[in-house]
Amino acid sequence: MTIQQVVFAVLAVAVIGAALFVVTTGNLFRGALMLILVFFGMAGFYVLLDNGLFAVAQVMIYIGAISILIIFAVMLTRGMQAMIPRNAQATGAAVAAAALFVAIFLAFGPLRLTVDFSAVPVLSALFRTETARTLGDVPWQYANQPVPETYIADFGRALVNINQYLLPFLLIAFLVDAVLAGAVHLARQRKPAELIAERREIAEEEAEEAAALRGAASPEPLPQGAMAATTTQDH
Amino acid sequence: MDVISNLLKILSDFVADLIRSILGFSPFLADLVTMGLAAVVLITFAALSFMGLTYVERKVVARIQDRVGPNQAGPFGLLQPLADGIKMFTKEDTTPASADRWVYNLAPLVIAVFALASFAVIPLAPGVVGTDLNVGVFYLLAIGSGSIIAILMAGWGSNNKYALLGAFRTVAQLVGYEVPMLLNIIAVVLIAGSMSLIDIINHQTLADGNPGIPHIVYLPLAALVFLISGIAETARSPFDLLEAESEIVAGFHVEYSGMKFALFFLGEYVNALAVSLVFTVLFLGGYAGPILPPYVWMLLKAAVVIFIFMWLRGTLPRVRIDQMHALNWKFLVPMSTVNLILVMIAVKLFPTSEAAARAFGGILVTPAAQALILFTLNIIVLLVSLSLASRAARKQRLAEAELLERRRAANMAAVAP
């Protein structure tokens, strides 16, 4: 067993354990922390694949940004510590995950289950192949040579090459710009009149919702104080 | 002379030889042991400098504030860090009853790990580096985001309102100041043409090993913004509002005591040391320098940067949270962005390497000429943004004064019959 295999085994056990914890725990904050451990493990896999750039990018983006966003969302949810979260999708998710695992095992495991791709129009279009008859035989582009020394520069050039990934790259840049503009718009300094109008709108919406909820039980209108109470709440 | 200047390298080679040949380990095992030893040495270096820095900081700040500082323990109070350490060890280790035990107890460990992890890529002398990553600079930034997680763990795990408030402030500050830091590091990477810290130092060194033009001459503005955001990233005064004892008691580490508190303290100082070392590498030419051995130069330059940190801490008052955000998002980020775009254009227009000149056109210039062009650009950007900011501030002040005046007039009118 080489050192790479040992490291892979350790990482795999850590990642699978942490991932199981994430989906089974009732404590959302701890779940988020374990999700970070999963992300770290994935970065470790990138290191094993000799790609330091993606490993570091994984840490930077998934741990430095997305995890913090998740943790913030968890923290800002009211009654987090007293809550017992329930998940109605647990069974469905478990079945889907098990089915996916079985499919992967059948295709790539020792059985190498055969699927006639050319017979299924969607698959033949998707993989652009008539010859592949086994899911495991799909001509995936494996890295069968070591990562070149200049992979960072190559990666950068591929992003700005019009024949490669220029369009998605520009689309992402556009998306990020739009998000930034939206954030600035949401956080801008508002005039008092605007704020009052906004609050009134929210209060009216809430009153309508409450009325709709109540409407099923009793058709009588809301008491006078209800609207005032909702306006002074957390908005 | 050669022996002294390469002392660290010779020592490490000797130890590696010893393990490989004399102890008769297999190459794999020998590598593992050597790596482990290197990690232990680096961590010890960081921990020892933490002890030294607490003493130096207290002395320096005391002198600035016209006090004496620690002077009771040993000669000149030199044994003060030791006394502090003993005090920390003997303190009771408390855990709040309603804390999330696992998260609460893990947080100091995580913060110390992430603080120490940055030393893996910082070169201290030629050939003396944990590992020369070709994405070294990026790695440092990524590691920095890990400590944010640790602070959130501490703030949430303590189950204390002040701790949570401090953690929120910390995250807002650290995430925010990562942006200008990143933008200015990109400028340096553009000029050096590499993300490896060793290549960045080599770019500031002449072919014969003598120091060349340091990047602070190319990019004075980037160096300034990096320094400011570095102070903010390490949460040092004047950006220490996340542990403002007068507002939120002590922020995220209010519940910690004893050695757990000491680990937070260690994280803070080790981060400051790492930022000053990185500043030295990125802008001051790293270990390049005449006469003295390289590791001495490295530490000397870093010491100057750390002294600036302490100097600022001793003189500046703490900023408010809105000032902190306004400085970052309304001043540093736009200025750095404009500066980065201009640097990009200038580097493409005036390349120093023939290959780049052939590939993209542009005028081939010497490094000195490129430095001069970039220096001028940086200074122009700085002056323009400063004048814009001062004009905006003046407008705001005038508007506020007018509002006050109008209110006073209205009050007078109301009082008068």
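Below is a table of values for the structure above.
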{"item": "One residue from B:R20, B:R58 being more than 26 Å from B:I149 (Cβ to Cβ), free of Cβ contacts under 8 Å to residues at least 60 places away in the same chain, under 26 Å from the mean Cα position of the chain (by Cα) and part of a helix (DSSP H, G or I)", "result": "B:R58"}
{"item": "Candidate set: region A:56-67, residues that are surrounded by fewer than 21 Cβ atoms within 10 Å (Cβ to Cβ) and facing chain B (nearest Cβ under 8 Å); chosen: the one modelled with the lowest pLDDT", "result": "A:A65"}
{"item": "Tally of residues being under 23 Å from B:G209 (Cβ atoms) and either within 10 Å of chain A (Cβ to nearest Cβ) or in contact with an Asp or Glu (Cβ under 9 Å, 6 or more places away or on another chain) (or both) across region B:110-122", "result": "1"}
{"item": "Close pairs from region B:75-102: first in contact (Cβ under 8 Å) with a residue 60 or more places away in the chain and farther than 19 Å from B:T54 by Cα, partner among the basic types (K, R) and buried (at least 16 other Cβ atoms within 10 Å of the Cβ), Cβ under 7 Å, at least 6 apart", "result": "B:D93/B:K260"}
{"item": "B:A115 over 16 Å from the mean Cα position of the chain (by Cα) and either of a type in the set (S, T, N, Q) or within 24 Å of A:I66 (Cβ to Cβ) (or both)", "result": "no"}
{"item": "Check on B:S147, within 26 Å of A:M34 (Cα to Cα), surrounded by 21 or more Cβ atoms within 10 Å (Cβ to Cβ) and more than 20 Å from the chain's Cα centre (by Cα)", "result": "no"}
{"item": "Some residue of region A:80-90 being within 11 Å of chain B (Cβ to nearest Cβ), closer than 18 Å to B:G146 by Cβ, free of Cβ contacts under 8 Å to residues at least 60 places away in the same chain and not aromatic (F, W, Y)", "result": "no"}
{"item": "Helices (runs of 4 or more DSSP H) wholly inside region B:256-339 containing at least 2 residues that are of a type in the set (V, I, T) and within 15 Å of the chain's Cα centre (by Cα)", "result": "B:258-283, B:294-315"}
{"item": "Candidates B:A125, B:A97, B:A107, B:A142, filtered to the one that is surrounded by 20 or more Cβ atoms within 10 Å (Cβ to Cβ), small (G, A, S), more than 18 Å from the chain's Cα centre (by Cα) and within 14 Å of chain A (Cβ to nearest Cβ)", "result": "B:A107"}
{"item": "Options B:V381, B:V365; residue that is part of a helix (DSSP H, G or I), in contact (Cβ under 8 Å) with a residue 12 or more places away in the chain and buried (at least 16 other Cβ atoms within 10 Å of the Cβ)", "result": "B:V381"}
{"item": "Condition broken by A:I70, with the remaining ones in (1) within 14 Å of chain B (Cβ to nearest Cβ); (2) under 30 Å from A:A153 (Cβ atoms); (3) at pLDDT 85 or above satisfied", "result": "(2)"}
{"item": "Residue identified as within 14 Å of another protein chain (Cβ to nearest Cβ), closer than 23 Å to B:S145 by Cα and at pLDDT below 80 among A:L37, A:L53, A:L33, A:L76", "result": "A:L76"}
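Residue-by-condition table, conditions (1) under 22 Å from B:E233 (Cα atoms); (2) within 16 Å of the chain's Cα centre (by Cα):
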{"position": "A:V7", "(1), (2)": "no, no"}
{"position": "A:V23", "(1), (2)": "no, yes"}
{"position": "A:G26", "(1), (2)": "no, no"}
{"position": "A:I36", "(1), (2)": "yes, yes"}
{"position": "A:M42", "(1), (2)": "no, yes"}
{"position": "A:F54", "(1), (2)": "no, no"}
{"position": "A:V59", "(1), (2)": "yes, yes"}
{"position": "A:I71", "(1), (2)": "yes, yes"}
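So that you can scan it fast, the table gives a plain yes or no per residue for (1) aromatic (F, W, Y); (2) at pLDDT 85 or above:
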| site | (1), (2) |
| --- | --- |
| A:A82 | no, no |
| A:I104 | no, no |
| A:L135 | no, no |
| A:Q145 | no, no |
| A:F155 | yes, no |
| A:D177 | no, yes |
| A:A181 | no, yes |
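The values are calculated or read from the model by the stated rules, or taken from the named source; none is laboratory data. All of these numbers come straight from a predicted model, not from anything done at the bench. Neighbour counts are summed over all protein chains in view; Cβ atoms, including those assigned to glycine, are modelled from backbone coordinates with ideal geometry.
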